[in-house]
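The values are calculated or read from the model by the stated rules, or taken from the named source; none is laboratory data. Worth saying up front: this structure is predicted, and the values here are computed from it rather than measured. All Cβ positions, glycine included, derive from the backbone under ideal geometry; neighbour counts span all protein chains shown. The accessibility values were calculated without ligands, DNA or RNA, using every heavy atom of the protein model including side chains. Shrake-Rupley method; radii C 1.70, N 1.55, O 1.52, S 1.80 Å.
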Amino acid sequence: MFPCSMDSAETFTTVTFSNVSIYTSITAVNVISKRNFKAHWVAPTLRELKRRKVIEDDLNGGPKIFHRSTFLEWNYDAEIFAFSNRLGEKFNDLSLRAALTHKSYIERETARLSDIGVESNLQFQDNEALSQKGGELLSKFINGYLRAVFTQVPEELIRAMHDFLTSNPTLETVARHIGLGDLMLCADFPCKTETYVKSFKAIVAALAESSGEERARIFVQDLVVTQLYGQDVNELWNPVDPVGNLTAILKREGKAEPEFRLIRQAGSNSILGVYYVGLYSDKNFISEGAGESLEVAKEMAAREALKKFFRTEDSMRALPFGRQLKNIQSKIAQLENQPNIPLSEWISEKVMSAVH
């Protein structure tokens, strides 16, 4: 009896295991067949649709973008409220709405209502006046920051950095990043660069009217002036005659004219030649420059010397932002209308007296 029971149990176990194995393998085959084996027309159709989409985007200058107002859940009042809270600023509601309304939108809506025979008496205010005022405030705030931080640079370099920060590409980048594209009321979409710039300047003026110039100044420092981060400020200004400017500065400082000495060179007989020139004054080493020719190396050495005079070397301190500006905000406000010394009059004594 006992051996027979064992044989029966072994037979039953084997059969059961084999049944499970067969069932599992059949299920796996069915799943794989459903997952991987599709109709032969699917892949070619998807490729053709993608090819047509790429051609359509190329003809239209890129994929079509829809304004937020075309979405079913669009609520302009809620969007305005969310915009103020994202920025952490308090705006007067009427000023903010005016700052986001371009005159092209009013003209388009007036014409549309006239076409359908409705009297057009739209109670909208465009952002023309706010934009002009905001541009003046923006320029003033930026100049104040630059003059307070770059105390030893000539006014020409201040003007070059100011022009970079107030340029249309820079302001458009800032305006896009804070989401103005979905809030501006204008006739064109996607909005033009000029529309972005005008609306952002109007936002600065609206904030100054709502919360005061101090909040608007900090707003500009946090969003616009920070675009200098990672920029080589020396590349924003290209003096016409670096050697001549350096010679004039040394003369006003009571030092000898610059003397250039060839330090080393490599590959002078090839197109990859490089020359290293040292700049000396009164037998004291000032700077070094490299270039593909002696003239270029001299100019680069003069530029490096000017960097040392103006304290804009590559190893200069990182620009202060945020809480680091808390103690110098009053100084920034004082220097908004007080230009730095021009390059033609630059001398270290005048710079130090102006700083202190």
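Selection within segment 117-126: residues that are modelled with pLDDT under 85 and of a type outside the set (Gly, Ala, Ser). The member of this set that is most open to solvent (accessible area, probe 1.4 Å) is 119. Among the residues of segment 33-76, those identified as assigned to a loop (DSSP other than H, G, I, E, B), at pLDDT 75 or above and surrounded by 10 or more Cβ atoms within 10 Å (Cβ to Cβ) are 71, 74, 75. Yes or no: residue 250 in a helix (DSSP H, G or I), of a type outside the set (D, E, K, R), touching a strand residue (DSSP E or B) at 6+ places or on another chain (Cβ under 7 Å) and more than 30 Å from residue 95 (Cα to Cα)? For residue 250, the condition - in a helix (DSSP H, G or I), of a type outside the set (D, E, K, R), touching a strand residue (DSSP E or B) at 6+ places or on another chain (Cβ under 7 Å) and more than 30 Å from residue 95 (Cα to Cα) - is met. Residue 309 meets each of the listed conditions (1) under 22 Å from residue 242 (Cα atoms); (2) over 32 Å from the mean Cα position of the chain (by Cα) apart from (2). When residue 278 is tested against the conditions (1) surrounded by 16 or more Cβ atoms within 10 Å (Cβ to Cβ); (2) small (Gly, Ala, Ser); (3) under 21 Å from residue 153 (Cα atoms), the lone failure is (3).
Residues in segment 136-165 that are small (Gly, Ala, Ser) and more than 18 Å from the chain's Cα centre (by Cα): 144, 148. Kindly check whether there is at least one residue in segment 284-300 that is assigned to a loop (DSSP other than H, G, I, E, B), outside the structural domain of residue 218 (by the TED database) and modelled with pLDDT under 95. Yes: segment 284-300 contains one or more residues that are assigned to a loop (DSSP other than H, G, I, E, B), outside the structural domain of residue 218 (by the TED database) and modelled with pLDDT under 95. Cβ separations smaller than 8 Å between residues 6+ apart or across chains give the following pairs from segment 98-116 residues that are closer than 13 Å to residue 199 by Cα and open to solvent by 50 Å² or more (accessible area, probe 1.4 Å) to residues that are outside any helix (DSSP H, G or I) and at pLDDT 80 or above: 103/126; 103/127.
Applying a threshold of 8 Å to beta carbon distances and a minimum spacing of six or more residues, or different chains, the list of pairs starting in segment 207-224 at a residue that is within 12 Å of residue 325 (Cα to Cα) and ending at one that is open to solvent by 30 Å² or more (accessible area, probe 1.4 Å) and not in a loop (DSSP other than H, G, I, E, B) reads 217/333; 222/322. Taken as a whole, segment 61-82 holds at least one residue that is of a type in the set (D, E, K, R) and more than 29 Å from the chain's Cα centre (by Cα).
Might you let me know whether segment 222-229 holds any residue that is surrounded by fewer than 18 Cβ atoms within 10 Å (Cβ to Cβ), out of contact with any Gly (no Cβ under 9 Å at 6 or more places or on another chain) and not polar (S, T, N, Q)? Yes - at least one qualifying residue is present in segment 222-229.
Just to be sure before I move on: is residue 172 open to solvent by 10 Å² or more (accessible area, probe 1.4 Å), in the same structural domain as residue 124 (by the TED database), of a type outside the set (S, T, N, Q) and farther than 27 Å from residue 82 by Cβ in the structure I sent? Judged against the criteria, residue 172 is not a match.
Here is a yes/no grid of residues against (1) part of a helix (DSSP H, G or I); (2) in the same structural domain as residue 222 (by the TED database); (3) small (Gly, Ala, Ser); (4) under 22 Å from residue 328 (Cα atoms):
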{"residue": "105", "(1), (2), (3), (4)": "yes, yes, no, no"}
{"residue": "114", "(1), (2), (3), (4)": "yes, yes, yes, no"}
{"residue": "125", "(1), (2), (3), (4)": "no, yes, no, no"}
{"residue": "129", "(1), (2), (3), (4)": "yes, yes, yes, no"}
{"residue": "148", "(1), (2), (3), (4)": "yes, yes, yes, yes"}
{"residue": "153", "(1), (2), (3), (4)": "no, yes, no, yes"}
{"residue": "158", "(1), (2), (3), (4)": "yes, yes, no, yes"}
